[in-house]
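Data first, discussion second: the structure below is written as structure tokens.
The values are calculated or read from the model by the stated rules, or taken from the named source; none is laboratory data. Keep in mind that this is a model prediction, so the values were computed, not measured. Neighbour counts run over all protein chains shown; Cβ positions are idealised from the backbone, glycine included. Remember, those area values only see protein heavy atoms, side chains included, never the ligands or the DNA or RNA. Shrake-Rupley method; radii C 1.70, N 1.55, O 1.52, S 1.80 Å.
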Amino acid sequence: MTSTIPQFDHAVRATTDRLRPVMAGFRPYERAHDGLLSALGTELFASMPRRDQRTKGMAYLQGLLEAEGRKSIRNIAALFGGDATEQSLHHFIVSSTWDWTPVRRALAQYVERVTQPQAYVVRPLIIRRAGETSVGVERRFVPALGQVVNAQQAVGVWAAAPDWSSPLNWRLQLSPRWLADRRHRRQTDIPDSEVPESLDQCSVKAYQELIKKSRLPIRPVVMDAQETDVAAVVGWLRAADTPMLLRIDGTQRLTVEEPAFPRRGVSMTAQQIMSLVWHMRRPGRRPGEGPTSPGPVVAVRVTLSHAARREGRSDSSLVLMGVAEHGHWPAELWLTDLTTSSVGELLQLASYARRVERDTKEVADRVGIRDFSGRSFAGWHRHTTLASAAHAIAMLSDRAEPRLLTGTG
């Protein structure tokens, strides 16, 4: 490299001083993020033995927060210098040796310590790509878009509460086609340990990685399971003693076990169950009277026999919750093993999925969660890790208190 670390340090400091008064006029969080950048950055990069790596990490974080437009390495480097800085940051993300796992662990433990997460939301992320060389890219049908797109598919695990959410772990779904292609594996440096995964396997493993590697407490998992093997997901999460709230589609087959239900013990789709429940409602019933409860939300006791048999458990009771919206019944279907929770508590948990969807658009995309344009497996993970840290800084800056700046409380 033609630049030296002292020169790079000076460029970072000079750019920060130059931009601070300008950015403060455009983004409310900018006035608070410097303290958070310093506090969180110190913990994030503690695992990096070399000073130059820590310096580049801080610069990259700052660039994700402050660079205009797409958060490409070139745009980030433009804040600090010329071509030499771009080459230096490119090497730091794509070719360096630093491990993103301890950085993610530091991020997760920091967020855990200074906030009060209520649940973990597991959510797929589609990342559209124009070419075919980026790791994991292929043509895939995306139900939410109703079309086939050329894209990567990742899964994020978010800590969530009523007024905020923040991604803590990511896993890239890799298909058998990708992993069987030796040329693709070699060009993108995919580790030998990576194996093909379905979306449900990828989702559960992303959560398990977070809990195990970051040593976080067990909390309810909220997950959109409409495109997964629900029985498998239930079985895996139960095996980990993890409470769950899963959004399912109307074709999922369940068995109602409530005595008042006319087809008790008969396997039916979730849609059929909720249609029967709707027609069973009668005036004069009080809230809480099982499947005949009036109102826009109904909860029914069910079993999912395949999951119960897989785990060899007799206590297989679940709750199917239907939610009406704008006159449509049911607008949403949720399956949970939180059988002692109230409908209000379950609705609160379900709302965290919408919170994550909102924060993906308003914060994560703004700090470049989808903006890595390289092809390498390691580069994607390093960029996504630092974009998650930038998301946390932006989110915490909006609710900044003295304890958030120091990580105490």
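Some notes on this structure:
- Taking all protein chains as shown and a probe of 1.4 angstrom, LEU145 keeps an accessible surface of around 80 Å².
- Theoretical FRET efficiency, 1/(1+(r/R0)^6), r = Cβ-Cβ of HIS328 and ALA239, R0 41 Å, to 0.05: 0.70
- Accessible area expressed per residue, segment 78-188, with surrounding protein chains retained (probe 1.4 Å, Å²): 41
- Separation in nanometres of the label points that stand 7 Å from Cα toward Cβ, at GLU362 and PHE141: 3.4
- Long-range HN-HN contacts of VAL222 with modeled amide H, under 5 Å: TYR120, VAL121, VAL122, LEU245
- Chain lengthening between LEU338 and HIS279 when straightened (0.36 nm per residue, less Cα-Cα): 18.7 nm
- Accessible area, probe 1.4 Å, largest first, for residues VAL103, VAL195: VAL195, VAL103
- Heavy atoms of ARG113 accessible to a 1.4 Å probe, total area in Å² rounded to 10: 110
- Accessible surface of segment 22-181, 1.4 Å probe, proportion on carbon and sulfur as whole %: 51
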